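Heads up: the structure comes next, in structure tokens.
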Amino acid sequence: MTDRQDDQTLSEETINVSRDSPLNGAGVAPDPAWFEQSVIEPPFARHVLTTPLHLDAAVESRTNSWTDWSGYTVAEVYTSVEQEYDALRTRAGLSDISPLVKYRLSGREAVPYLDRLLTRAVGALTIDQTARVVLCAGDGNIITEGMLFRLAEEEFRLIVRSSHLDWLEQSALGFDVQVEDVSGTIAGLSLAGPSALNVLASAGMKNPEALGKGQAVWVQMGGMPVYISRTGMLGGREYELWSDPSDASVLWRRLLDVGRPQGVRPVGAAARDIARLENGIALEGVDYQSAFTALDSAEARSPYDLSLGRLVDLDRQVFNGRKALSVIAEEGSAHVLVGLEMNLTEGVVIGPICIGDRRVGQVKSHAWSPSLQCVVALAVIEASALGTSDGFTVETGSGDRQPVKLAKRPFLPLI
Amino acid sequence: MSDDALRYDAIVIGAGHNGLVAAGYLAKAGKSVVVLDAAALVGGAARTAEISPDYQISTAAHLVSSFPRKIEKDLKLSKHGLIWATRDMATVALDRDGKHITLSSGSKSDLMTIGAHATRDADAWKLFDARMRKYVKLIAPLLEGPLPEMGKETPSKLATMMALRLEKLGPADLRTFMQLMPSSIAALLDRSFEGDLIKGALSLDATLGHHTGPHTPGSAFALVYKRALEASGQGVGYPVGGTGALTEALATSAEAAGVRIRLESPVAQIIVEDGRTKGVRLEDGTVFEAPLVMSSADPKTTCLDLVGARHFEAPVATHIRRIRMDGATAKVNLALEGLPTFENFSDKEYGGRLLIAPDMGTVERSFTAAKRGELTLEPVMEVVIPSYHDPRLAPMGHHVMSIILPNMPYAINGGWDANKDVLMKRVIDTLREYAPDISNKVIAGELLTPPELEESFGMSGGHWHQGNMSFDQLLAFRPAPGMANYEGSVEGLYLCGAGTHPGGGLSGLPGKFAVDTALAAEKKQ
């Protein structure tokens, strides 16, 4: 914007100068090129937001392949998807998950506030425990989902995929609670894979096996305070490390240095996405749209549609979306999230799911699973179609129909 | 006091006209009811008080134009002291040169007063009035009861109902109606009339009390809506003893039916447990228990202050928070030591509803000034001389004059203390242009600014209607989207004030509809 304005002022000056130019008086015709506006392109078409680990990621990147995650630029692939996937499933992979949105919710009434905001009660959550949570809009559809950490008696951290400060603040009306977006003050790293435990131990974490699923703990790692939680969506052993952004780079180096001998490598978004899909987790913005961003309300999903009914506690009287959700719970949800397996040998573009000629849903996430040696996919289909379990076909990009079979989620059960 | 004395079937918060109507109907349905009000007198904004000794006046609301006969009969108000001084006040647009226009009936003499300004307008008025009547008929069913509950079939049922009525309207009227809906009253009047005075008066009528100007989109519909509400009443009327007499009759009727009215009992909290109302707590700590709580306080006060936002889902609380309540009306009450002399006035005019709005520009300028937090130079106003109909309001030969001043900013630049005298002077100066001797006759007067009205009548933001009555805050959107029929609110809690459908004005309908809804819900269970 500024560039452009400067540019305009400049050209106006040029015009003024040329009018007064002695050349004009001398009867020399002005060169039209003088008046041409040269539009100076800004160096980048848009702002690139980088995470605290951007330079470290750039050092590791052999492909220069990047992708956008909530506006942040993160590595799509560092070396090759196969290698990175292999690291995730057989050794360990280190990833930058800093673009996740983090909120700090604190105050005397943080618990009642969260009870009203979320579909489940959080009062029973002990300090350093986490809970998977969904936020629902008034119509019962999911706004976003994420993890809630209880940091202290009256302090929580909510980590979600997309930014909803406005909603959190609206919900705070009448509660003694502070809502802060602390995304910029916390860096996130994910360490996932069978060797993750050993890597953490080598990196200086004492007694890492004591950390149970869904628990978190403050750890001194090389003199840096790091909050380590056993959370994540890739399945298997997975840790997420939350640190000060200025420490993140050192932490990253340290984990790679001690981890490399054990097979740890940086893992980009592409391999993580395959692992996430194998774990059978539907992703906001991919498998369904947030209640606030769905252009077509049919793209938004309630927790029941995604088999997340266990996250909804209807016994409580008031929480956002309760009224709508109790109706859905009573009538049964019209849609259901299913896992699909297909014996297709190569990655293909796939679309609608049909029974006979009837379209019953649409495949969203799908990928070739190296572990399962088949294509796995997630789809939200009409609940009524479930009774007829065989006879599902899926249309591929080339127009032919391929048979698919329903599969249990997670596709790849890992301990 | 024993516990039983504090336990009722229903609690009504606010002893204004809507609260008392609700109490009356609840008692009629066989419920034990207590009405709680912070004030020392019943009446809310419909209260009669003294300006100075022996000069009585309706302090705030000064006319009853939409109170339905049905409520009057159901609650036996005439038996309990309600006597109408007049039920048929003419609407008179005052002219500086004495060529006043009378708008109420379609009589020949009235039409002549219109024709005196622009010959064409007399015919135009007949057409305008007839069209208005048709539009009123069109939307009247929406004001006859609580809005139908939003079920699966409701949209199609509503659509069918409206479609039938629209079809009946015929293509020509339909077109003008569709054009009218989003229109400003200025655009509508410019299409219909030539004369400045009639346009000024009608635009004042459409915008009175709404914090809108003649050029505000949607103000044309406001006139239709006002007319429709009036049609549910029986003409513009004035009860003997002022509007306070109406609420007193309501109170007497309620008490006769067994309702207990407890004054000087400000409610601090509506107690909600497990999503249900349990009762209310007064500021002094007394707890009244009842499964049913009806609040005639405005929706924001009721839901956000008395109940608490936490008891509503966030979208609902947000909708309530966003209700626009721009109070923009002031009141002037004068005690006069004789009838002021208006040029060319006969009995009918003295007893009429006098509109001072020489043209639409003046009305628009008063709105523009209010928007900027300023006082308009030429206030527009609605004036009545109640003592003309009800001589007991003032000593023999003396009179009281009641003036509603629209477009007075709630937050005024420099504060109201610095502006009250200026405004009073401007009001008198404006009146003097029509009744030159008025300044010699004023012996006492009071000016109630929007903040003062808020203070003395508990009107949040000084808003008479508990929320702007623009199209986006009416019908299914009143008090807030998703809250018509009390969806999304606390079980057992009902709003019964002007903030709910069908809105402001001394109609009692919000109170009646709330009871209808509550009783219907009870039956269902």
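Bear in mind these aren't lab numbers, they're just calculated from the coordinates by the rules spelled out. Every value quoted in this text rests on a predicted model; they were computed, and no experiment measured them. So basically every Cβ, Gly included, is an ideal-geometry build from the backbone, and we count neighbours across all protein chains shown.
Please identify the GluC sites (Glu not before Pro) of region A:86-153 that satisfy two criteria: DSSP loop assignment and at most 15 other Cβ atoms within 10 Å. Which are they?
Loop-located and lightly packed - A:153.
Just the number, please: Stokes-Einstein D of the protein assembly as shown in µm²/s, Kirkwood Rh from C-alpha pairs, 20 °C, 1.002 mPa s.
Calculated translational D: 65 µm²/s.
Read phi for every residue in region A:136-143 and hand back ³J(HN,Hα) as whole Hz from Karplus 6.51 cos²θ - 1.76 cosθ + 1.60, θ = phi - 60°, with x for Gly and Pro.
10, 7, x, 8, x, 7, 6, 7
For region B:188-193, just list the computed ³J(HN,Hα) in residue order, Karplus coefficients 6.51, -1.76 and 1.60, θ = phi - 60°, integers in Hz, with x standing in for Gly and Pro.
Result, ordered by residue: 5, 5, 5, 6, 9, 10 Hz.
Computed on alpha carbon atoms, what radius of gyration and Dmax characterise chain A, expressed in Å?
Rg and Dmax of chain A, Cα atoms, are 25.9, 91 Å.
Report, largest value first, the span of the C-alpha coordinates of region B:254-397 along each principal axis, in whole Å.
Cα extents, longest axis first: 66, 44, 24 Å.
How well do other chains shield peptide A:169-176, expressed as the mean number of their Cβ atoms within 10 Å of each residue Cβ?
6
Give me D for chain B in µm² s⁻¹, whole number, from Stokes-Einstein with Rh from the Kirkwood sum over alpha-carbon pairs, 20 °C and 1.002 mPa s.
Answer from the Stokes-Einstein relation: 91 µm²/s.
How much length is gained if the chain between residue A:362 and residue A:58 is pulled fully straight, taking 0.36 nm per residue apart and subtracting their Cα-Cα distance, in nm to one decimal?
105.8 nm
State whether region A:101-184 is rounded, prolate or oblate according to the following rule on the C-alpha gyration tensor (a ≥ b ≥ c being the square roots of its eigenvalues): a/c under 1.5 gives rounded; otherwise a/b larger than b/c gives prolate, and the remaining case gives oblate.
Verdict is rounded for region A:101-184.
Between residue A:220 and residue A:310, what is the label-to-label distance in nm when each label sits 7 Å out along the Cα-to-Cβ direction?
3.8 nm
Please give the length that would be gained between residue B:123 and residue B:164 if that part of the chain were fully extended, namely 0.36 nm times their separation in residues minus their C-alpha to C-alpha distance (nm, one decimal).
Computed gain between residue B:123 and residue B:164 is 11.8 nm.
Which entries of B:108/B:137; A:323/B:134; B:199/B:371; B:226/B:331; B:76/B:441 have Cα-Cα distances beyond 31 Å here?
A:323/B:134; B:76/B:441, as the Cα separations exceed 31 Å there.
For region B:414-456 and region B:324-341, what is the centre-to-centre distance using only Cα atoms, to the nearest Å?
Between the Cα centre of region B:414-456 and that of region B:324-341, the gap is 7 Å.
If contacts are Cα pairs under 8 angstrom and at least 6 residues apart, what is the relative contact order of chain A in percent?
15 percent
Which order do the peptides B:413-424, B:454-465, B:19-30, B:323-334 come out in when sorted by mean C-beta neighbours inside 10 angstrom, highest first?
Highest mean packing first, the order is B:19-30, B:323-334, B:454-465, B:413-424.
Inside 10 Å of the C-beta atoms of B:304-315, what's the mean count of C-beta atoms belonging to other chains?
Mean partner shielding for this stretch: 6.
Would you mind checking the tilt of helix B:171-180 against the longest principal axis of the Cα atoms of chain B, expressed as 0 to 90 degrees and rounded to 10?
Tilt relative to chain B: about 80 degrees.
Note down the net charge around residue B:360, summing +1 for each Lys or Arg and -1 for each Asp or Glu among other residues with Cβ under 10 Å from its Cβ.
-2
So which GluC sites (Glu not before Pro) in region B:216-291 are both in a DSSP loop and have at most 16 other Cβ atoms within 10 Å of their Cβ?
Within region B:216-291, the qualifying GluC sites (Glu not before Pro) (loop, at most 16 other Cβ atoms within 10 Å) are B:264, B:283.
So for region A:175-315, what are the equivalent ellipsoid semi-axes in whole Å, largest first, each being the square root of 5 times an eigenvalue of the Cα gyration tensor?
Equivalent-ellipsoid dimensions as semi-axes: 31, 19, 16 Å.
Among the trypsin sites (Lys or Arg not before Pro) within region A:190-298, which fall in a DSSP loop and have no more than 16 other Cβ atoms within 10 Å of their own Cβ?
Taking region A:190-298 and a limit of 16 other Cβ atoms within 10 Å, the loop trypsin sites (Lys or Arg not before Pro) found are A:206, A:213.
Between residue A:169 and residue B:41, what's the calculated FRET efficiency when r is the beta-carbon distance and R0 is 35 Å? Round to 0.05.
Given R0 = 35 Å and the Cβ-Cβ separation, E is 0.25.
Nearest 0.05, what FRET efficiency do residue B:133 and residue B:372 give at R0 = 35 Å with Cβ-Cβ as r?
So the FRET efficiency works out to roughly 0.40.
What distance in nm lies between label points placed 7 Å from Cα along the C-beta direction at residue B:524 and residue B:109?
Once both label points are built, they end up 5.4 nm from each other.
Obtain the nm distance between the two label points defined at residue B:425 and residue A:330 by a simple spin-label model: each point lies 7 Å from its Cα along the Cα-to-C-beta direction.
The answer from the label model is 6.5 nm.
Taking the Cβ of each residue in A:113, B:55 as the centre, tally the other Cβ atoms inside 10 Å and list the residues starting with the fewest.
If I rank by nearby Cβ atoms, fewest first, I get B:55, A:113.
Using alpha carbons only, how many angstrom separate the centre of region B:90-126 from the centre of region B:285-314?
Their Cα centres are 48 Å away from one another.
Around residue B:272, which amide H atoms from residues at least 5 apart in sequence, or from another chain, sit under 5 Å from its own amide H, with H modelled in the peptide plane?
Placed amide hydrogens put B:278 under 5 Å from residue B:272.
Amide H neighbours of residue A:143 under 5 Å, at least 5 residues apart or on other chains, H built in the peptide plane: list them.
Result for residue A:143 returns A:135, A:136, A:137, A:291.
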